[in-house]
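Notes for the one structure printed next.
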Amino acid sequence: LVGLMLLLATSLSYASEPTHKVLFIQSYNPFAKVSSDLTRGLKDGLKKSGLKVQLTVEYLDATQWEMKQEQLIMRRICQRARERGVDLIVTSGDEAYYTLTHCGDSLGYQRPLLIAGVKYPDWELLDSMSNVTGYTAVPKFMEILNEAHRLFPERTKVICLGEAGFMAQQGDRELRLVWDQFVEAHPNYSLTSINVDEAQPWRIIEAVCNAAHTRNTLVIIPKWTPFLAIVSKNSKAPVYACQNRALTNGVLGVYDLESYRKMVPVGERVAQILRGHAPSEFPI
């Protein structure tokens with residue numbers, strides 16, 4: 001009888017537990033392997049809590065759109081989430097976080113928001129939002145440079161390849177912030193930035209894909225894009241990047257978090273907030 005009563009009480013406890021509705025917005029599309037790894041990591045982090053969670057995954061597919069189109073897509077994502085009655089939002093990558101907070105919909109400011117994998121955080125905005133916590137994945141260009149020097153000490157010409165977008169240009173600036181310190185230890189190095197949106201195709205081919213001109217060259221790509229994947233696969237110089245999805249696209253190495261592992265602690269943090277903790281209780 002005691003066992004039956006205990007079983008009944010446990011069943012009633014689970015039956016009365018609410019279902020929490022969580023929205024997970026990824027920056028890219030659902031077809032990349034990293035997308036499923038991100039979702040699996042978040043789910044596994046949540047599972048540890050035992051909470052009942054209804055997880056909805058949306059994709060911004062940021063590499064396909066200009067900012068205005070991204071904002072429109074994000075407003076539609078927010079509207080669907082509002083209609084479902086979302087309790088908490090998770091974003092992965094800079095584009096999803098930035099577009100959510102700049103799309104003109106206030107949902108990202110009204111619900112607890114956990115960011116993940118943000119490489120170039122807007123600290124002024126983050127500090128002003130009491131509903132935000134999470135994890136950054138800031139690239140460490142000095143470690144990339146030191147590793148490249150260790151493996152290829154004879155390659156002293158560094159080319160930074162990027163497009164005209166915010167993340168690529170911010171990556172170029174971050175690389176230059178550590179460059180003087182690197183050159184103090186290795187004074188024979190030079191750094192050239194090429195904006196592939198503005199450069200003539202022949203210049204890109206000559207700088208990166210021409211074997212005769214790349215014997216002493218290293219390439220760093222701060223922001224990975226489909227076009228730069230093509231360039232990387234044809235590069236005659238070693239290529240380093242800052243996003244793990246580049247590893248299957250012709251690069252030698254990346255400085256980044258592995259997709260699954262970076263989302264597990266995010267899922268654990270989501271559970272803490274769903275249990276009643278405020279985002280402001282946790283540092284980013």
**Identified option (computed Cα extents along the principal axes in Å; candidates (i) 69, 41, 39; (ii) 83, 41, 34; (iii) 99, 47, 25)** = (ii)
**Request:** Determine the relative contact order of the chain: mean sequence separation of Cα pairs under 8 Å and six or more apart, normalised by residue count, in whole percent.
**Result:** 21
**Complete:** Here the relative contact order (percent) of segment 74-142, from C-alpha pairs under 8 Å and at least 6 apart, is 31
**Complete:** Counting only protein heavy atoms with a 1.4 Å probe and every protein chain in place, the carbon and sulfur fraction of the accessible surface of segment 15-63 in whole percent equals 54
**Request:** Would you calculate a helix-derived [θ] at 222 nm for the chain, using -39,500 (n - 2.57) for each DSSP H run of n ≥ 4 and dividing by the full residue count, to the nearest 500?
**Result:** -13500 deg cm²/dmol
**Fill in**
Measuring from the longest principal axis of the C-alpha atoms of the chain, the long axis of helix 141-151 (C-alpha) lies at a number of degrees, nearest 10, equal to 50
**Asked** Cα-Cα over 23 Å: which of LYS21/LYS68; LYS48/LYS262; LYS33/LYS233; LYS21/LYS47; LYS157/LYS262; LYS33/LYS119?
**Response** LYS21/LYS68; LYS157/LYS262
**Message:** Tell me whether segment 120-229 comes out rounded, prolate or oblate; compute the Cα gyration tensor, take square roots of the eigenvalues as a ≥ b ≥ c, and use a/c under 1.5 as the rounded threshold.
**Reply:** oblate
**Prompt:** Ignoring ligands, DNA and RNA, what percent of the accessible area of segment 123-269 is carbon or sulfur (1.4 Å)?
**Reply:** 52
**Gyration tensor verdict on segment 26-131 (Cα atoms; rounded if a/c is under 1.5, prolate if a/b is larger than b/c, oblate otherwise)** = rounded
**Complete:** Once phi for every residue in segment 86-102 is put through the Karplus expression 6.51 cos²θ - 1.76 cosθ + 1.60 (θ = phi - 60°), the whole-Hz ³J(HN,Hα) values, with Gly and Pro written as x, are 5, 9, 7, 10, 10, 10, 10, x, 5, 5, 5, 5, 5, 5, 4, 8, 10
**Request:** Could you work out the relative contact order of segment 51-168, using alpha carbon pairs under 8 angstrom and six or more residues apart, expressed as a whole percent?
**Result:** 19
**Prompt:** Once amide H atoms are built 1.01 Å from N in the peptide plane, which residues 5 or more positions from VAL53, or in another chain, come under 5 Å H to H?
**Reply:** HIS20
**Item:** Choice from PRO238, PRO121, PRO153 showing the highest fluctuation, given a GNM over the chain with Cα pairs closer than 10 Å
**Value:** PRO153
**Item:** Residue among PRO18, PRO226, PRO30 with the largest mean-square fluctuation in a Gaussian network model of the chain, springs linking Cα atoms under 10 Å
**Value:** PRO18
**segment 154-284, accessible area per residue, ligands and nucleic acids excluded (1.4 Å, Å²)** = 49
**Fill in**
Cα-based Rg/(2.2 N^0.38 Å) for segment 211-271, rounded to two decimals, is 1.41
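The values are calculated or read from the model by the stated rules, or taken from the named source; none is laboratory data. Bear in mind that the values here come from a model prediction, so they are computed numbers and not experimental data. To get the accessible areas, we keep the full protein, side chains included, count just its heavy atoms, and leave off ligands, DNA and RNA. Shrake-Rupley method; radii C 1.70, N 1.55, O 1.52, S 1.80 Å.
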